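**Student:** Handing you this structure, nothing more for now.
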Amino acid sequence: LFPLLMAFLIGLLWVLIVAQHRMQHYLTSALEGKTLLAIGTIVSIPEYHVHQLRFDFLIKEMATKIPVNYPLRVRLHRVHYYNWKGEGNKLPQLKKGDVWQFAVRLNRPRSFWNLGSFDSQAQLFQQNIQATGYIVARFPARFLQAASVYYSIDSLREKLTSNIKISLKNYPLVGLITALTTGVRYEITNEQWQVMRGTGTNHLFAISGLHLAFISGIIYFCTHFFFCRIPYAALIIPASQVAAGLTGVFAVFYAALAGFALPVARALLML
């Protein structure tokens, strides 16, 4: 039992170290509720709802003399409102990887403590969100730098999602198609989520092992079929090895296109 006990203690120590590190990077209480100029990078695909925009923002610099542990990962909202004349503030077209300057108001992650209710604070902690807040609309946002090559796969993912939405503009199931293609699920309506939860099919619309195995199986058998029909090719390199190698490359690409969510990463590792 001694090796098992040591493994348990090492795992517990690792969890405590990670938790302490994340909590040290929480927003300082003295900055809560204050309007601050923040410069950072958009690190999630912006979600455009009917009158709201939401995304994760990695702050690298803020106009304050109070010490802050950078980088600070925050979840920001921007509401699209209309005045009595019918004029509104346009939501900016944001892309993952772009560097912006926003005027923001932030708070430390909190949740209701009602028994049995959803613990959003625990979810934010798991996603390494150190603060939540919103963009102050009366201060103009400044675009500073376009996304680097590091975010090229995310740019492709956003472009595919946008093209699907344009092509299927009036199709009621466009949210389900984008969820199955690129893993972007914010277009799924509440009514559709209720139907899927009621029928027990909501897990099918989160890209995981089922989708990765389906795509990989098609690529493997097609590659194996055509490679075996190239004269003398299989005598040099076995068709199974070529098919497996090409399948691995496509599986990594598809996992990256789906955002490398935890179920996708687990399925990719097993594959």
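**Student:** Those residues that are touching a Gly at 6+ places or on another chain (Cβ under 8 Å) and either in a helix (DSSP H, G or I) or open to solvent by 50 Å² or more (accessible area, probe 1.4 Å) (or both), I need them from the range 147-172; list them, please.
**Tutor:** Initially, the range 147-172 is screened for residues touching a Gly at 6+ places or on another chain (Cβ under 8 Å), giving 147-148, 150-151, 154-155, 157.
The answer is 148, 150, 151, 154, 155, 157.
**Student:** Name every residue in the range 19-29 that is open to solvent by 50 Å² or more (accessible area, probe 1.4 Å) and either free of Cβ contacts under 8 Å to residues at least 60 places away in the same chain or touching a Cys at 6+ places or on another chain (Cβ under 6 Å) (or both), in order of residue number.
**Tutor:** Listed by number, the residues that qualify are 20, 21, 23, 24.
**Student:** Hey, can you tell me all the residues within the range 187-199 that are assigned to a loop (DSSP other than H, G, I, E, B), open to solvent by 40 Å² or more (accessible area, probe 1.4 Å) and of a type outside the set (Asp, Glu)?
**Tutor:** The initial filter retains those residues of the range 187-199 that are assigned to a loop (DSSP other than H, G, I, E, B), namely 187-189.
Then drop every residue that is not open to solvent by 40 Å² or more (accessible area, probe 1.4 Å), which leaves 187, 189.
Residue satisfying the conditions is 189 alone.
**Student:** Continuing with this model, one more query. Which numbered condition in (1) free of Cβ contacts under 8 Å to residues at least 12 places away in the same chain; (2) of a type in the set (Phe, Trp, Tyr); (3) on the phi < 0 side of the Ramachandran plot is the only one that residue 232 fails?
**Tutor:** Just one mismatch for residue 232, condition (3).
**Student:** Sticking with this structure for a sec: Only one of 179, 234 is within 20 Å of the chain's Cα centre (by Cα) and crowded, with 16+ Cβ neighbours inside 10 Å. Can you tell me which?
**Tutor:** On the way: 234 fails: within 20 Å of the chain's Cα centre (by Cα).
Answer to the selection: 179.
**Student:** While we're looking at this one, here's another question. Inspect all residues belonging to the range 115-130 and state whether any of them is part of a helix (DSSP H, G or I), touching a residue at least 12 places away in the same chain (Cβ under 8 Å) and among the polar types (S, T, N, Q).
**Tutor:** As a first pass, look at the range 115-130 and keep what is part of a helix (DSSP H, G or I): 120-126.
Among the residues that remain, those that are also touching a residue at least 12 places away in the same chain (Cβ under 8 Å) are: 121, 124-125.
Among the residues that remain, those that are also among the polar types (S, T, N, Q) are: 121.
Yes.
Let's see how each residue does on (1) open to solvent by less than 80 Å² (accessible area, probe 1.4 Å); (2) assigned to a helix (DSSP H, G or I):
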{"site": "7", "(1), (2)": "yes, yes"}
{"site": "16", "(1), (2)": "no, yes"}
{"site": "39", "(1), (2)": "yes, no"}
{"site": "44", "(1), (2)": "yes, no"}
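The values are calculated or read from the model by the stated rules, or taken from the named source; none is laboratory data. The structure presented is a predicted model; accordingly, all values stated were derived computationally and were not measured. With ideal geometry, Cβ positions are generated from the backbone for all residues, glycine too; neighbour counts draw on all protein chains shown. Please note that ligands, DNA and RNA were not included when accessible areas were found on the heavy atoms of the full protein model with its side chains. Shrake-Rupley method; radii C 1.70, N 1.55, O 1.52, S 1.80 Å.
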